[in-house]
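A quick write-up on the structure given underneath.
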Amino acid sequence: MARTNPNFDKLAAGYLFPEIAKRTAAFAKSHPGAEIIRLGIGNTTEPIPAHIVDGLMRGAEKLGDLSTYTGYGDEQGDSRLRKAIAEDYARRGVKVDPLEIFVSDGAKSDLGNLMQMFPAESVMAVQDPTYPAYVDTKVIVGGTGEFNRQTGQYEGIVYMPCNRANGFFPEVPKEKVDLVYLCSPNNPTGAVATKKQLAKFVDFAREQKAVLVFDAAYAPFVRDDSLPKSIYEVPGAEECAIEANSFSKIAGFTGVRLGWTVVPQKLQTESKIIYDENGKPKNSLNALWNARQTRFFNGASNIAQEGGLYALTEKGRSECSELVDYYRENARLIREGLAKRGIQAIGGENAPYVWLENPGKMKSWDFFDKLLNETEVVSTPGSGFGPSGEYHTRLSAFGHRANVEKAVDRIVNRLKI
Ligand SMILES: *Cc1c(COP(=O)(O)O)cnc(C)c1O
């Protein structure tokens, strides 16, 4: 007799975006003339730049020609793209072997699938607030207890609070943990960790033989050269860290679907390495991820990968940089508008998100309603990202300039505080 996976019933964070949609739809219905501007969901809005589109078209054309047609490619990704990604790391002085780079259909899938390499009972630590996907996959594999409505936390997960007092980057956990998820530049706070802050986690992970999972999806937004774009800029990270990355936010590939994950050969865990007859490690994390990808993934789209290759050329990189600057300017406008109203906010400098402290210490959903009612702007309530997100709001800089300007103007002139 089949049963459904009962862990799905535990998912609590899933209420966030459906609840936003529900409240927004109700508002639209009761205010038919309203011109709603969405600064809620982190989805790209600007077109893919011309040279990168050429790459996508080239990818499609090749498929229509007998001499260049290809079917399934390598599960690990097109070797040209893996090499181009490694070269991109090298520009930052980071040495990554193309064999450690696994191209995928996006970081979100990888971040979920990574959990298959670890026992369900592994103890996971997350930043609080955090991108919900990390915790949700842990819940689905049965690696947590119930969601506690009082604390806003799942039993069995270690929450590392990020707040103004610690500069929105956590201290290392006091308890023993197996997996630590870090996201920098951070979604939702827009905070960027310094090399020194990351080094503390690298030291902690190496000491405890824990694995860091570093989500670098917003790395291209880092313009301050003293801030790290990759965990591997920290010495020793190749022994303890996996890095997930994506073309989504840099090249507007949210709908194209292309990302990659670095799983270093040198990664260490508590498990003793077993070698095969050729002297190759059978159970290193790199070997496990390769085994996982070759079994359950048939490789990223060859069209998307051709686009990715073009995105990493000199021309493509300069186009990506312009695109990122467009969103960074949006973020600057948002920060400037909030400052005019005396609203405390962080982020938005090296990230597309601005994280604000709700005026009057309003609760997240109350401020969501107030902002919607008074300015017709949709935001994301901070509490949806974890208990420390309460009394905060995330505003996304992904949007057309004219809409962002209009939203900021309304916040400046219509919000009653
Ligand atoms: C958008 C985003 C990603 C990227 O996901 P893709 O699946 O590559 O589109 C990863 N992590 C975070 C925190 C994100 O916000």
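The values are calculated or read from the model by the stated rules, or taken from the named source; none is laboratory data. Note that this is a predicted model, so its numbers are computed, not measured. In this analysis, Cβ positions are derived from the backbone assuming ideal geometry, glycine residues included, and neighbour counts consider all displayed protein chains. Ligands, DNA and RNA are excluded from the accessible area calculation, which covers all protein heavy atoms including side chains. Shrake-Rupley method; radii C 1.70, N 1.55, O 1.52, S 1.80 Å.
Data for the structure
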quantity: Check on Arg295, among the basic types (Lys, Arg), in a helix (DSSP H, G or I) and surrounded by fewer than 16 Cβ atoms within 10 Å (Cβ to Cβ); calculated: yes
quantity: Yes/no for Ala287 being more than 16 Å from the ligand (Cβ to nearest atom) and assigned by TED's automatic domain parsing to the domain that holds Leu179; calculated: yes
quantity: Given (1) part of a loop (DSSP other than H, G, I, E, B); (2) in contact (Cβ under 8 Å) with a residue 60 or more places away in the chain, index of the condition Leu267 fails; calculated: (2)
quantity: Any pair with Cβ under 6 angstrom, 6 or more apart, that starts in segment 239-250 at a residue that is near the ligand (Cβ under 7 Å from one of its atoms) and ends at one that is among the polar types (S, T, N, Q) and open to solvent by less than 10 Å² (accessible area, probe 1.4 Å); calculated: Ala244/Thr261
quantity: Condition check for Lys108: assigned to a loop (DSSP other than H, G, I, E, B), open to solvent by 80 Å² or more (accessible area, probe 1.4 Å), basic (Lys, Arg) and assigned by TED's automatic domain parsing to the domain that holds Trp260; calculated: no
quantity: Output for segment 25-53, where each listed residue is open to solvent by 70 Å² or more (accessible area, probe 1.4 Å), in contact with a strand residue (DSSP E or B) (Cβ under 8 Å, 6 or more places away or on another chain) and modelled with pLDDT of 95 or more; calculated: Arg38
quantity: Those residues of segment 129-162 which are of a type in the set (S, T, N, Q) and either open to solvent by 20 Å² or more (accessible area, probe 1.4 Å) or within 16 Å of the ligand (Cβ to nearest atom) (or both), in sequence order; calculated: Thr130, Thr137, Asn148, Gln150, Thr151, Gln153
quantity: Test: residue in segment 247-255 that is assigned by TED's automatic domain parsing to the domain that holds Val377, under 30 Å from Lys406 (Cβ atoms), surrounded by fewer than 19 Cβ atoms within 10 Å (Cβ to Cβ) and among the polar types (S, T, N, Q); calculated: no
quantity: Filter pass, Lys266 being within 16 Å of the ligand (Cβ to nearest atom), open to solvent by 40 Å² or more (accessible area, probe 1.4 Å) and under 18 Å from Ala199 (Cα atoms); calculated: no
quantity: Pairs, first closer than 18 Å to Gly348 by Cα in segment 399-410, second open to solvent by 20 Å² or more (accessible area, probe 1.4 Å) and of a type outside the set (Ser, Thr, Tyr), C-beta under 6 Å, six or more apart; calculated: Val404/Leu333; Val408/Leu333
quantity: Whichever residue in segment 55-72 is open to solvent by less than 50 Å² (accessible area, probe 1.4 Å) and assigned to a loop (DSSP other than H, G, I, E, B) and, among such residues, is farthest from Phe297 (Cα to Cα); calculated: Thr68
quantity: Identity of the residue in segment 218-235, open to solvent by 10 Å² or more (accessible area, probe 1.4 Å) and away from the ligand (no atom under 16 Å from the Cβ), that ends up nearest to Ala397 (Cα to Cα); calculated: Arg223
